[in-house]
Amino acid sequence: MLNIPAYAAETGQSPLQPYTIERREPGPGEVLIDILYCGVCHSDIHQARDEWGGTGIFPMVPGHEIVGRIAQLGEGVERFAPGDAVGVGCFVDSCRVCPHCRGGEEQYCDEGMTATYNSRERGGGAPTHGGYSTRITVHQDYVLRIPESLPLDRAAPLLCAGITTYSPLKHYGVKAGDRVAVVGLGGLGHMAVKLAAAMGAEVTVLSTSESKREAALQLGARDFAATRDPATFKELANRFDFIVDTVSGEHDYNAYLSLLTVDGTMILLGIPEAPAPVAAGMLIMRRRKLVGSLIGGIRETQEMLDFCAAHGVASDIELIDIADINEAYERMIAGDVRYRFVIDMASLEAAA
Ligand code: NAP
Ligand code: ZN
Ligand code: ZN
C-alpha cells in the first residue's frame, strides 16, 4: 500500500483538512497516476456537506475532475506509457457486463457505477477516495487520454463539467441554429455555453448575476438575461428549443419551463438539495419535455475531449492552493467563481 497525502471532510459538518489515505500499487490492468490538477465541482460541496439525503461516506476525499500523468503501469497495461497525460472523471469502475456498460454508458450501470469518491469498490469493498490527493490507482479502462493541445489545468474541469454538458447536448440533438438557454453561469454553465456555441447553437445565458453579462457574451453567448428581473420571463416566454439548467440551489422550474417553445426540452443537470414542484400544465400546454442527464460514459468523454481539442475549447479557471479549498466552497455557493476553481496539486505535495 502507498500512503498518499489528501484533503478530507471528517464529517458532513467539518471543513476539509489534511488527511492521509492508502492507495494500492497498480494491479493487472491498472495504472498509478500522479495527480497534477483537480477541478472543484459543486457536487463536491453537496457531498462533503452530506446534502444528498445523508448518504455520505466519511471521512470523504472529494474530487472527480482529475488530470495528471501516468507514474506506473500494472501488469499487462499497453494503452498507456509512463508520463502520458491522462484524466479520471466521476467514476472508476462499473459492472462491465450490463447493457449500459456494454453500450458505453457506464454511468447508468444496472449495478451502479463505482463513483470516484463517496462510493465503495465493487463487492462492497473499501471507500473510494477522489482527486483532492496526490496520486490515484485506476483501471486503464476508466482512464481518459488528454489531447496534447489542451492545457492540463484547463482540461481538468472537462472531466465532469465538460462531459455533463456535452452528453445531453449530443443526446438530445442540439444543432446549429437551435435556441439554447443556459441557466446558471458557474462551472457547468460556462462549459454548456462554450460547447453549445461550438455546435452552432444560439445561446442565451439566464443568470442571477447581472455582473456576468459581459463575460457571458465573451464565452460565446449571443444574449444574456437577468433572472432577478421578472420582465425577463415575459420577454422570453415560449422562446427556446432547449434549456440547460445547471442551478445548484432551489429555484422555480415552472418559471423556466414557460420559456420553452412547443416540443422544447428542459434538461436538468443541477441537483438541488430539496425536491421542487412541477405544474403539469407547464408541460401539457406546449408539449414540453422535462428531462435529466448524468455525466457521460468513457467513450463519450473521450469524444468530448477530442471535440474540445478540435474546437479550441477549455475551461476558464482560477487556480488555487489546496489550503484555500474551504474558502473556494464559500465563494462557489455565493456564485463567485469565474468559472471553475482548479486545485494545483503541487500545493499539497509541498505541504505534505
Ligand atoms: P457552480 O459552479 O456553483 O454553478 C452553479 C450556478 O448556479 C451559480 O454560479 C449560479 O449562477 C447559479 N445558482 C446557484 N444557486 C442558485 C439559485 N438558488 N437560483 C438560481 N441560480 C442559482 O456549480 P456547478 O459545479 O456548475 O454544478 C451545478 C449543479 O450541477 C450542482 O448541483 C451539481 O451537483 C450538479 N452536477 C450535476 C451533474 C450531473 O451529472 N447531472 C454533474 C456535475 C454537477 P448565476 O450566478 O449565473 O446565477
Ligand atoms: Zn462534478
Ligand atoms: Zn453495468
Gain in span if fully extended, residue 254 to residue 211, counting 0.36 nm per residue against the direct Cα distance: 13.0 nm
Using r as the Cβ-Cβ distance of residue 344 and residue 283, and R0 as 41 Å, what FRET efficiency do you calculate, to the nearest 0.05? 0.35
Can you pick out the pairs among 170/212; 212/234; 234/289; 175/289; 194/234 whose Cα atoms lie more than 23 Å from each other? 170/212; 194/234
Between segment 1-80 and segment 243-306, how many Å separate their Cα centres? 29
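Work out the FRET efficiency for residue 330 and residue 176 from their Cβ-Cβ distance, taking R0 = 25 Å, and round it to the nearest 0.05. Numbers along the way, then the final one.
Working: r = 39 Å, r/R0 = 1.58.
It comes to 0.05.
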Quick one: if you stick a label point 7 Å off each Cα along the C-beta vector at residue 306 and residue 69, how many nm between them? 2.5
What accessible area per residue, rounded to a whole number of Å², is obtained for the chain using a probe radius of 1.4 Å? 41
Rounded to the nearest 0.05, what FRET efficiency do residue 237 and residue 55 give with R0 = 41 Å and r taken as the Cβ-Cβ distance? Could you check? 0.60
Using modelled backbone amide H atoms (1.01 Å from N, in-plane), which distant-in-sequence or interchain residues come within less than 5 Å of residue 260's amide H? 238, 239, 240
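Once fully extended, how much extra length lies between residue 25 and residue 351, figured as 0.36 nm per residue of separation less the alpha-carbon to alpha-carbon distance?
Numbers: separation 326, 0.36 × 326 = 117.36 nm, distance 2.31 nm.
Residue separation times 0.36 nm, minus the Cα-Cα distance, leaves 115.1 nm.
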How many nm separate the modelled label positions at residue 84 and residue 223, each set 7 Å beyond the Cα in the direction of the Cβ? 4.5
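Quick one: ranking 135, 120, 228 by accessible area, 1.4 Å probe, largest first, what do you get?
Working: 135 70, 120 110, 228 180 Å².
Output order, biggest surface exposure first: 228, 120, 135.
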Order 91, 307 by their accessible area, 1.4 angstrom probe, all chains in place, largest first. 307, 91
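The values are calculated or read from the model by the stated rules, or taken from the named source; none is laboratory data. Every value quoted in this text rests on a predicted model; they were computed, and no experiment measured them. For neighbour counting, all protein chains shown are included, and Cβ atoms are generated from backbone atoms with ideal geometry for every residue, glycine included. Heads up: the accessible areas ignore ligands, DNA and RNA and are worked out on the full protein's heavy atoms, side chains in. Shrake-Rupley method; radii C 1.70, N 1.55, O 1.52, S 1.80 Å.
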